[in-house]
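Undergrad: Could you have a look at this structure, given as structure tokens, before my questions?
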Amino acid sequence: MLDGLDPEQREVATALHGPVCVLAGAGTGKTRAITHRIAYGVRAGILQPSSVLAVTFTNRAAGEMRGRLRQLGAQGVQARTFHSAALRQLQYFWPKAVGGSMPRLVDRKIQLVADAAAACKLRLDRGELRDVTAEIEWSKVTQTVPADYAYAAAKAGREAPRDRAEIAHVYAAYEDLKRNRAVIDFEDVLLLTVAVLQDRHDIAEQVRAQYQHFVVDEYQDVSPLQQRLLELWLGERDSLCVVGDASQTIYSFTGATPDHLLDFRARHPRATVVKLIRDYRSTPQVVHLANGLLTQARGRAADHRLELVSQRAPGPEPVYSEYTDEPTEAEGAARRIRELIDAGVAASEIAVLFRTNSQSETYEQALADAGVPYQLRGAERFFDRPEVRKAGVALRGAARFGGNDALLDDVVDLPSQVRAVLSGEGWTSTPPAGSGAVRERWESLAALVNLAQDFSAARPGATLGDLVAELDERAGAQHAPTVQGVTLASLHAAKGLEWDVVFLVGIAEGMVPITYARTDEQIEEERRLLYVGVTRARERLHLSWALSRAPGGRHTRRPSRFLDGLRPGTAATAGRTGTGAAGGVERGAAARTSAVPRRTRRTVARCRVCGRTLGDAGEMKLMRCEDCPSDMDEGLYERLREWRAVQAERSGQPDFCVFTDRTLMAIAEARPDDSAGLSRIPGVRARKLQRYGADVLAICAGQEIGAGGGRD
Ligand code: ATP
Ligand code: MG
């Protein structure tokens, strides 16, 4: 268990008692050290698996941690996000602490904020709405009530998008609205769990009896509210191990702060503090750039930076490419990716990372044009996809029949069983041609096949029933398996992950740092975001930017200031735009400024409110940006949901198999009055139109649908 660790990591793994704090840079094996620590403790019989709670910040990271722990032989350890751990406890204790069942969790806060603003007779544009929502979230994670917002925001130096008193007003109205509609939001889950644990000693004791050892990864991004929850879980005990890197603090805009990490020793004088500097992830070339970025950093996090030392063999220098416009930049990246895949690099070992989700569509298109499979982070959740649901039903059915299913009679090993079952769902050993919906469905099924392979490799002898249980657990935590495609993700979503090849795209002023980063602290956070991006690469790193957004546009952009002094030839190009970069910098398509993209584009989906190109699958369904003001008829939406519940119940399917929330929202916004209008709404396909069209149109027309409504 300890063989695969260096001496400092081993110190972390063997310090099983008392508080432990690991301060270390990217790729130094923090996550590895803590997973080994847990596994070592479990295997040595010192830690009871069920008494350990490992917390991270994303479902994906939690899923990976569970996978790693299982491989190390430490099953049964809970690895969760703060949110999912709290949600689980809250659901469990709600009847006892409050009575009744827990209120519904709203998934789209921004709409409620818009309604709250309307109730305050305030008109907020799209940007203001987003910013006010962020202010409300910040208030909640810093445990600031509406009455204190104006003072607290001023004290924290927050740049308020509107008058602070107005925001406080909207915040108060938002809380009222939630109460009236009997819903809670994402932050309430933590706030309410904290409240229950604080007020009810019996419940707190029950939780503490269950969990005795706590491990927190990415601790630099803990919010005051999460920290409070952690303290309540811990009680008077001190079996807490935290790991983090202050230079990777990228969520301070939401109230997170590296102070808890940096002040850990002050709060726990007996703590074992370990520093790791050996970087096992990246080549010296990548590490050199990462170190370079940090030398220019300022602020408290920067004061604690640790210079990384690569442990890997040298690799290629980072490649910098300048392009005339964004589509050309995306084509350039796609072309290189195609070449890499043709040369034998696995698509799953390549990532394209960008600053904002809205950049993804251009890259999706370019990769599709180049015939490259991709996986979009933050798109429709894997386990919500219809084909994955159907495959789950088929696998569950096969598992129930056990060995009696004729289909599986001659098949002994688990992966082959899964392939046999999924063949009935459209899985084939080679992918279908093209990049459309058929291909996407195939990618999902292929991801399930891969998951089965990994699962049976980690647990020899596992049965189909075990796999189904695993899928249920993952679905619960919304952890999607890695599909065999290039990852498209935002820099924020890439935290903690790694790929052989990373393309950092759109590294231009206005994107990195993003236009709305104005204060010094905000700019520093943008720099750290780029540091996070750079340190995701194991071997190859491509950084690119475009001089204008659209083809033929004026060349008004320049590469990110963060690269000044780091990319070759900077001195020759600093401050200049539109001339291409000098020696050492690949000129990409920029040299051929006349290059007109020769591509057949799919029709681009645009937001019907602001006209922006939509990249996110969910947004495409809504036909507008998530945070653009909506004119949804709330009452209609509720009636549609009630109707859906009846349909789902009747057909024995989950709600979203009838229509997803987003489709219902789109319907409640569009209020179609005929089939043609209804069929234009994404998610309403011919079969659904035939089956549910009459009902939905009747509801939209304000008619009552009796219990007998709906056609089967
Ligand atoms: P981040 O700050 O990005 O979250 P991290 O510090 O958590 O990074 P890990 O993800 O744990 O780093 O490790 C980075 C990579 O280095 C992984 O591929 C891991 O397997 C490898 N690694 C870590 N420690 C060692 C070691 N002692 N020997 C070999 N490989 C190692
Ligand atoms: Mg990590």
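Every read-out reported here was derived from the displayed coordinates using simple, explicitly stated rules and does not represent laboratory data. Please read all numbers here as calculations on a predicted model, not as lab measurements. Note that we place each Cβ from the backbone using ideal geometry, even for glycine, and neighbour counts take in every protein chain shown.
Undergrad: Can you compute the modelled spin-label distance between T556 and E236, with each label point 7 Å from Cα toward Cβ, in nm?
TA: Placing both labels 7 Å along Cα→Cβ, they lie 6.4 nm apart.
Undergrad: With the dipole of the chain worked out from charges on the C-beta (+1 for Lys and Arg, -1 for Asp and Glu) around the Cα centre, which of Q91, S548, L395 lies farthest toward the positive end?
TA: So the residue furthest toward the plus end is S548.
Undergrad: Considering Cα pairs under 8 angstrom that are at least six residues apart, work out the relative contact order of the stretch 5-81 and quote it in whole percent.
TA: Reported relative contact order: 29 percent.
Undergrad: Another question, then. Can you list which of the GluC sites (Glu not before Pro) found in the stretch 92-169 are DSSP loop residues with at most 11 other C-beta atoms within 10 Å?
TA: E159
Undergrad: Can you give the FRET efficiency for V393 and K275, using 1/(1 + (r/R0)^6), R0 = 35 Å, r = Cβ-Cβ distance, to the nearest 0.05?
TA: Calculated value: 0.10.
Undergrad: Determine, for each peptide in 113-126, 92-105, the mean count of other beta carbons within 10 angstrom over its residues, then list the peptides with the highest first.
TA: For the peptides 113-126, 92-105, the packing ranking is 113-126, 92-105.
Undergrad: At what distance in angstrom do the alpha carbon centres of the stretch 1-42 and the stretch 75-103 lie from each other?
TA: Centre-to-centre (Cα) distance: 28 Å.
Undergrad: Relative contact order for the chain: what is it in percent, counting Cα pairs under 8 Å that are at least 6 residues apart? Mind dumping the intermediate values first?
TA: Values: 1198 pairs, mean separation 102.8, N = 712.
Relative contact order here is 14 percent.
Undergrad: Output needed for the stretch 219-340: three equivalent-ellipsoid semi-axes, defined as square roots of 5 times the C-alpha gyration tensor eigenvalues, in descending order, whole Å.
TA: 36, 19, 14
Undergrad: How much mean residue ellipticity at 222 nm does the chain get from its helices, if each DSSP H run of length 4 or more adds -39500 (n - 2.57) and you divide by all residues, to the nearest 500 deg cm²/dmol?
TA: That calculation yields -14000 deg cm²/dmol at 222 nm.
Undergrad: GluC sites (Glu not before Pro), restricted to the stretch 632-707: which are DSSP loop and have at most 11 other Cβ atoms within 10 Å?
TA: Taking the stretch 632-707 and a limit of 11 other Cβ atoms within 10 Å, the loop GluC sites (Glu not before Pro) found are E704.
Undergrad: Quick one: Cα centre-to-centre distance for the stretch 143-179 and the stretch 274-340, in angstrom?
TA: Spelled out, the Cα-based centre of one part sits 39 Å from the other.
Undergrad: Suppose a student asked you for the relative contact order of the stretch 18-172, using Cα pairs under 8 Å spaced at least 6 residues apart; what percent would you report?
TA: Rounded, it is 14 percent for the stretch 18-172.
Undergrad: Describe numerically, in nm with one decimal, the distance between label points set 7 Å from Cα along Cα→Cβ at Q296 and at K155.
TA: Using points 7 Å along Cα→Cβ, the separation is 3.5 nm.
Undergrad: Report the antiparallel proportion of the DSSP beta bridges in the chain as a percent, rounded to a multiple of 5. Walk me through the intermediate numbers first.
TA: Details: 3 of 51 bridges.
So the antiparallel bridges amount to about 5 percent of the total.
Undergrad: To continue, here is another question. As an exercise, find the ratio Rg/Rh for the stretch 107-184 from alpha-carbon atoms, using the Kirkwood inverse-distance average for Rh.
TA: Taking Rh as the inverse mean 1/r over Cα pairs, Rg/Rh reads 0.93.
Undergrad: Here is a further query. Could you give the dipole magnitude of the chain about its Cα centre, charging the beta-carbon of Lys and Arg +1 and that of Asp and Glu -1, in debye to the nearest 20? Could you put the intermediate results ahead of the total?
TA: Working: 94 positive and 92 negative charges, 165 e Å.
My answer is approximately 800 debye.
Undergrad: Further question: Positive end of the charge dipole of the chain (Lys, Arg +1 and Asp, Glu -1 on Cβ, about the Cα centre): tell me which of V216, Q703, A134 has its Cα farthest that way.
TA: A134
Undergrad: Pick out, from G510, Y692, P415, the residue whose Cα sits farthest towards the positive end of the charge dipole of the chain, with +1 on the Cβ of Lys and Arg and -1 on the Cβ of Asp and Glu.
TA: Selected residue: G510.
Undergrad: I need the peptides 50-61, 169-180, 681-692 ranked by packing, meaning the mean over residues of other C-beta atoms within 10 angstrom, with the highest value on top.
TA: Peptide ranking by packing, descending: 50-61, 169-180, 681-692.
Undergrad: Only Lys, Arg, Asp and Glu count, each charged at its Cβ (+1, +1, -1, -1), so figure out the dipole size of the stretch 644-693 about its Cα centre, rounded to 20 debye. Write down the numbers at each step before the final one.
TA: Values: 9 positive and 6 negative charges, 43 e Å.
The calculation lands at about 200 debye.
Undergrad: Considering the Cα trace of the stretch 1-128, what is its radius of gyration and what is Dmax, both in angstroms?
TA: 20.6, 64
Undergrad: Going from the alpha-carbon gyration tensor of the chain, what semi-axes, largest first and in whole Å, does one get by taking the root of 5 times each eigenvalue?
TA: Rounded to whole Å, the semi-axes are 36, 34, 31.
Undergrad: With a point put 7 Å past each Cα toward its Cβ, work out how far R641 is from D413 in nm, to one decimal.
TA: 4.7
Undergrad: What ranking, highest mean first, results for peptides 529-542, 220-233 when packing means the other Cβ atoms within 10 Å averaged over each residue?
TA: 529-542, 220-233
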